[in-house]
Amino acid sequence: MDTKFAIPEIIFGRGSLNHAGQCALRLGAKKVFLVSDDGIERAGWLGRLMEILEDAGVTWIYYPGVTPNPRDFQIELGAELYAKNGADVICAIGGGSALDTAKGIAIIASNGGRIQDYEGANRVRKPLPPMAMITTTAGSGADISQFCIITDMKRRLKMSIITRTLMPDVAIVDPLILRTKSESLIIQSAADALAHAIEAYMSRIASPFTEINSLQAITLIIANLEHAVATRSLDALEQLSIAAVSASMAFSNASLGAEHALAHALGGYFDIQHGLMHPILLPSVMRFNMAANPKKMADIGRLLCKRRGRCSFTDDRDAAVKGIETLEKFFSSFNVPLRLRELIPPEGRLLFEPICRMAVGDACNLTNPKPMQWDDFLAVCEETW
Ligand SMILES: [Fe+2]
């Protein structure tokens, strides 16, 4: 099978935010459309970016309408502001929510219509405005990826929009920014990156170019997350940044799997932060996927166990099972929810069937080793309740 591998220009390093002005100029910017959120504004990073752009002679217009789990109407409002102000380059600084908001605005700015028109794979026809993305978390991968996740408020559903044109032109990854993140955000972002790496490795369209990046990401996250959380060491945070970029290069090209499909369906319905879903759902979906590709799940198992000092296996299945158990222990060593009932009210359980039916249609489910049916998703929800 033919394969393709596409990534943006990536500018990585401590202080790399300082290149944002030159990047905007190279993209032809006269007036940048800036997207960010409260937290980044309060931490001073947005102000710093505005200064960097002004120093380069670039003006900007700022759209502050970003919340966690970006919503369809926020995209429409942003696209109106973009059109009214004659901006020419889109630049976002923040986590996945800010970056996905910017990507959604880019789609409507150049293609028109409503964001729902583009749900699924390869439905965006016209090229988007140039985009420079500055990630402030080591996780979402929206700065690298061909993905954009927006909540349809009427259906209470996170829509996966996946298309090559959503890949930004430039990604700036500055590990210095991670120092202002909370412990919980560092863990959630790393759990997201780990899920990206594992799902991309297991994907039906994984290639040698994505697999190597998946394995590097898994290794770095397991080796560095505890240290990064305990000490905020810049070296450890930088390793998590490298892991997140690697995982993003993998999943942007190999796509994801059923765990993300279910995380989108549950997270959209109950408005749960994306990074909280993975410690709960990932091991259970991996158990389902073990049967479809025991050899690859064993590769992941061996890697996870090696990093945690367990190295003897009878066969592939044993390595896969021990790997999943090791991952569960790893997640339980952090202060994160491990059961759905910690995030969803008891009456929410009655809604699992329609939510699981929605998960089947998420584009991420297509590349799972064996796409899940609604009752497979329901079994995961019940097991992890
Ligand atoms: Fe994710």
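Give the residues of the range 47-70 that are under 23 Å from the mean Cα position of the chain (by Cα), of a type outside the set (Phe, Trp, Tyr) and crowded, with 22+ Cβ neighbours inside 10 Å, sorted by residue number.
So the first thing to find is which residues in the range 47-70 are under 23 Å from the mean Cα position of the chain (by Cα), and the list is 49, 63-70.
Those still in the list that are of a type outside the set (Phe, Trp, Tyr) too: 49, 64-70.
Scanning the range 47-70 gives Leu49, Val66, Pro70.
Filtering the range 264-278 to residues that are closer than 21 Å to Lys329 by Cβ and away from the ligand (no atom under 13 Å from the Cβ) leaves nothing. Of the residues contained in the range 107-121, one or more are found to be buried (at least 24 other Cβ atoms within 10 Å of the Cβ) and either more than 16 Å from the ligand (Cβ to nearest atom) or outside the structural domain of Ile172 (by TED's automatic domain parsing) (or both). If only residues of the range 201-244 that are of a type in the set (A, V, I, L, M, F, W, C) and in contact with a Gly (Cβ under 8 Å, 6 or more places away or on another chain) are counted, the one that is nearest to Phe331 (Cα to Cα) is Ala244.
Restricting attention to the range 189-224, the residues that are within 16 Å of the ligand (Cβ to nearest atom) and either assigned to a helix (DSSP H, G or I) or among the aliphatic types (A, V, I, L, M) (or both) add up to 20.
Out of Ser255, Ser214, I need the residue that is of a type in the set (S, T, N, Q), in the same structural domain as Arg357 (by TED's automatic domain parsing) and under 30 Å from Val89 (Cβ atoms). Which one?
Numbers: Ser214 fails: under 30 Å from Val89 (Cβ atoms).
The match here is Ser255.
Just give me the residues in the range 71-89 being in contact (Cβ under 8 Å) with a residue 60 or more places away in the chain and under 20 Å from the mean Cα position of the chain (by Cα), in sequence order. Lay out the reasoning, then the answer.
Of the range 71-89, the ones in contact (Cβ under 8 Å) with a residue 60 or more places away in the chain are 71-73, 75, 88-89.
Passing the criteria: Arg71, Asp72, Ile75.
Counting just the residues of the range 239-263 that are in contact with a Leu (Cβ under 8 Å, 6 or more places away or on another chain) and under 16 Å from Phe12 (Cα atoms), which one comes out nearest to the ligand (Cβ to nearest atom)? Per the stated criteria, the residue is Ala247.
When you scan the range 153-161, do you find a residue that is within 20 Å of Asp271 (Cα to Cα) and touching a Cys at 6+ places or on another chain (Cβ under 7 Å), even just one?
To start, the set of residues in the range 153-161 that are within 20 Å of Asp271 (Cα to Cα) comprises 153-161.
Next, only the ones that are touching a Cys at 6+ places or on another chain (Cβ under 7 Å) stay: 160-161.
The answer is yes; a qualifying residue exists.
Taking the condition of being in contact with a Lys or Arg (Cβ under 7 Å, 6 or more places away or on another chain) and either buried (at least 24 other Cβ atoms within 10 Å of the Cβ) or of a type in the set (A, V, I, L, M) (or both), how many residues in the range 201-224 meet it?
First, pick out the residues of the range 201-224 that are in contact with a Lys or Arg (Cβ under 7 Å, 6 or more places away or on another chain): 201-202, 219, 222-223.
Remaining after also requiring either buried (at least 24 other Cβ atoms within 10 Å of the Cβ) or of a type in the set (A, V, I, L, M) (or both): 201-202, 222-223.
So the count comes out to 4.
The values are calculated or read from the model by the stated rules, or taken from the named source; none is laboratory data. Because the structure is predicted, anything quoted here is derived from the model rather than measured. Backbone-built Cβ (ideal geometry, glycine too); neighbour counts: all protein chains shown.
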